[in-house]
Structure formats: structure tokens, C-alpha cells
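Asks: Here you go, one structure.
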Amino acid sequence: MPKVASDDEVFGSYYDAKLNTVTVPVDVNVLLGRRAKHKFEGALGVNLGCYHERFKLQGGGIKVEGNQTNFGTFFYTNLGYRFCSKKGLLVRVGMTFNTDFIEGPELFEKRNFAPYFGIGYAF
């Protein structure tokens, strides 16, 4: 990740970080629909993650370097439509809902929606 100069860096301070992430998704998927071409797709799951950050902070005559490892989880739901033609064209469109799991008073505080679209070939 390239370092970008900020106003703080011009005046003698900066923060530089490198983040390594390993995640493991655990979910259940379902395809519903009697017709071969048109399907409803859904998923419900949790993503377990380990986030390791190496950072350097300098400013005001103080220089700090360190490492920090955090563990996090978030829950997600996918709801969508899937079309698959007899010739193999596959089109997916839907919405994903994510929420962070944070213990304490901020439980389920961070939420977001993200649309998804996919096109491919089924064989």
C-alpha cells in the first residue's frame, strides 16, 4: 500500500500501517425454485477474522512502532435472484446485509448493505 502524504506529514507527523487479514466464512446457502432457469438464492452466515496490524506513528517528537492483533466477527445475509439459461449463461443479482458483532453497548452498531451482480458460465 503506497504511503500518501497528508497535512500532518508536511508538519512532521505521520501514521503508516500494514494490515494482514485471515478470514473464515461459515454459512448456509439455499437455492429455491421449481423452474430450472429461475432461482431464488439466499445465505446466512458468520465470518470469523484475525487482523494483524504493524504500525509506525511519529509526531511531536514522539516515535511509536508496534504490532496489534485483533479478532472480529460479522454476520451476513444474502438474498438474490439467479438466472441460468439452458446454454449455460448464469446471471446473479442481489443484496448483502452485514453487521459487526461487538460485545458491549455497541452490539450490532455497524451495519451496511451492498448490492451484488455476477455473470458467468455454468457447465
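Please treat every number below as a calculation from the coordinates, not as lab data. Not measured: the values here are computed from a predicted model. With ideal geometry, Cβ positions are generated from the backbone for all residues, glycine too; neighbour counts draw on all protein chains shown.
Asks: Could you list 37, 56 so that the one with the fewest beta carbons within 10 Å of its beta carbon is first and the one with the most is last?
Replies: On the way: 37 10, 56 14.
Exposure proxy ranking, most exposed first: 37, 56.
Asks: According to a simple spin-label model (label point 7 Å from Cα along Cα-to-Cβ), what is the distance in nm between residue 87 and residue 29?
Replies: In this crude spin-label approximation the distance works out to 2.5 nm.
Asks: Would you mind calculating the relative contact order of the range 12-121 from Cα pairs under 8 angstrom and at least 6 residues apart, reporting the percent as a whole number? Display every interim value, and only then the final one.
Replies: Numbers: 254 pairs, mean separation 23.9, N = 110.
Reported relative contact order: 22 percent.
Asks: For the range 12-121, divide the Cα radius of gyration by the Kirkwood radius and give the resulting Rg/Rh value with two decimals.
Replies: Numbers: Rg = 20.5 Å, Rh = 17.3 Å.
My calculation of the ratio gives 1.18.
Asks: Calculate, for residue 62 and residue 20, the FRET efficiency according to 1/(1 + (r/R0)^6) with r their C-beta to C-beta distance and R0 35 Å; round to the nearest 0.05. List each step's numbers first, then the result.
Replies: Numbers: r = 25 Å, r/R0 = 0.73.
About 0.85, to the nearest 0.05.
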